[in-house]
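J.: Quick one: the structure is below, and I'll ask about it shortly.
Read the figures in this text as sums done on the coordinates, not as results from a lab. Just so it is clear, the structure is predicted and the values come from calculations on it, not from any experiment. All Cβ positions, even for glycine, are placed from backbone atoms using ideal geometry, and neighbour counts span all protein chains on display.
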Amino acid sequence: MAMENFKTKLNRVKAFIFDVDGVLTDGSITLMPDGEQVRIMNIKDGYALQLAAKKGYKIAIISGGKSEMVRKRLNGLGIFDVYLGSHNKIDNYNEFIATYDIQPNEILYMGDDLPDYEVMQRVGIPTCPNDSAEEIKNISIYISDKKGGKGAVRDVIEQVMRLHDNWFDTKGFVW
């Protein structure tokens, strides 16, 4: 039996799960004198995230990081299933799918490193940025041509939303 087409799998997506460091950021942090760890996020990724949330996709963020500024940014984009300080991403994943009654084959997960491995093995569409760890690339069915923090998130969201014909709609735009 032939492997199911990637676009066919994308057509089933109802939910996205993303890691933060190395996916929504390039993995760099700036250490501030007060101890705050500052991250930089891509505005185009942010646009895609807020649009997906507005269009009704369920979106979760699962990160080992604990930055409340990350939560504030994501909440501002309309994303409220934000799991920070995650030591066992499977527990957060299970909570998310139970809350929304989502099937694993309806989930696109983007991770970049070993803490994402276990969840990525359970979802229908494991994906990663092109600068991910080799182990993650090996289990991903799609590797973005973009690096983490440089548009990889928008890449996968846009592909899904274009397939569902809800990416670009001029109705409601003021020119």
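J.: In the neighborhood of residue 150, defined by Cβ-to-Cβ distances under 15 Å, what is the net charge if each Lys or Arg adds +1 and each Asp or Glu adds -1? Don't skip to the answer; put the middle values down first.
T.: Working: positive: 39, 44, 146, 147, 154; negative: 19, 21, 26, 45, 112, 131, 145, 155, 158.
So the surrounding residues net to -4.
J.: Could you tell me the calculated FRET efficiency between residue 34 and residue 72, based on Cβ-Cβ distance and R0 = 25 angstrom, to the nearest 0.05? Working shown, then result.
T.: On the way: r = 16 Å, r/R0 = 0.66.
It comes out at approximately 0.90.
J.: Right, next: Can you pull the Rg over Rh of the chain, Cα-only, Kirkwood? Show your work: numbers first, answer last.
T.: Working: Rg = 15.5 Å, Rh = 16.3 Å.
Ratio of gyration radius to Kirkwood radius: 0.96.
J.: Give me the distance between the Cα centres of the stretch 42-76 and the stretch 104-175, rounded to whole Å.
T.: 13 Å
J.: Okay, next question. Across the Cα atoms of the stretch 58-140, what radius of gyration and what greatest pairwise Cα-Cα distance (Dmax) are found, in Å?
T.: 12.5, 34
J.: Assigning unit charges at the beta carbon (Lys, Arg +1; Asp, Glu -1) and nothing else, what dipole magnitude in debye, to the nearest 20, does the chain show about its Cα centre? Don't skip to the answer; put the middle values down first.
T.: Working: 22 positive and 25 negative charges, 144 e Å.
It works out to roughly 680 debye.
J.: Further, regarding this structure: Got a sec? How would 154, 122 order by Cβ neighbour count within 10 Å, fewest to most? Show your work: numbers first, answer last.
T.: Values: 154 21, 122 14.
The most exposed by this proxy come first: 122, 154.
J.: Could you check which residue among 161, 32, 41 shows the biggest mean-square fluctuation in a GNM of the chain with a 10 Å Cα cutoff?
T.: Its mean-square fluctuation being the largest, the pick is 32.
J.: Most exposed first by the Cβ proxy, i.e. fewest other Cβ within 10 Å, how do 28, 132 rank? Numbers along the way, then the final one.
T.: Working: 28 13, 132 25.
The most exposed by this proxy come first: 28, 132.
J.: Percent antiparallel among DSSP beta bridges with both residues in the stretch 1-120, to the nearest 5? Walk me through the numbers before you get to the answer.
T.: Details: 2 of 13 bridges.
Antiparallel bridges: around 15 percent, rounded to the nearest 5.
J.: Oh, and also: At a 10 Å Cβ-Cβ cut-off, how would you order 150, 55, fewest neighbours first? Before the final figure, lay out the partial values.
T.: Values: 150 18, 55 13.
Ordered by Cβ neighbours within 10 Å, fewest first: 55, 150.
J.: Which value in Å does the Kirkwood hydrodynamic radius of the stretch 1-59 take, with 1/r averaged over all unlike C-alpha pairs and then inverted?
T.: Its Kirkwood hydrodynamic radius stands at 14.1 Å.
J.: Please give the calculated 222 nm ellipticity per residue for the chain, where each DSSP H segment of at least 4 residues contributes -39500 (n - 2.57) and the sum is spread over every residue; nearest 500 deg cm²/dmol? Don't jump to the answer; show the numbers that get you there.
T.: Values: 7 runs with 61 residues, N = 175.
Only helices count here, giving -9500 deg cm²/dmol.
J.: Have a look at 76, 65, 151 and tell me which one the Gaussian network model of the chain (Cα, springs below 10 Å) gives the largest fluctuation.
T.: Among 76, 65, 151, the largest GNM mean-square fluctuation belongs to 76.
J.: Enumerate the lysines that residue 147 could reach by cross-link, defined here as Cα to Cα under 26 Å, with residues fewer than 8 away along the same chain left out.
T.: Leaving aside lysines fewer than 8 places away in the same chain, those within reach of residue 147 are 7, 9, 14, 44, 54, 55, 58, 66, 72, 89, 137.
J.: Compare 14, 147, 72 in a GNM of the chain, Cα atoms joined below 10 Å, and give the one with the largest fluctuation.
T.: 72
J.: Given N residues in the stretch 100-156, what is its alpha carbon radius of gyration divided by 2.2 N^0.38 Å? Let's see the in-between values first.
T.: On the way: Rg = 10.7 Å, N = 57, 2.2 N^0.38 = 10.2 Å.
Here the answer is 1.05, to two decimals.
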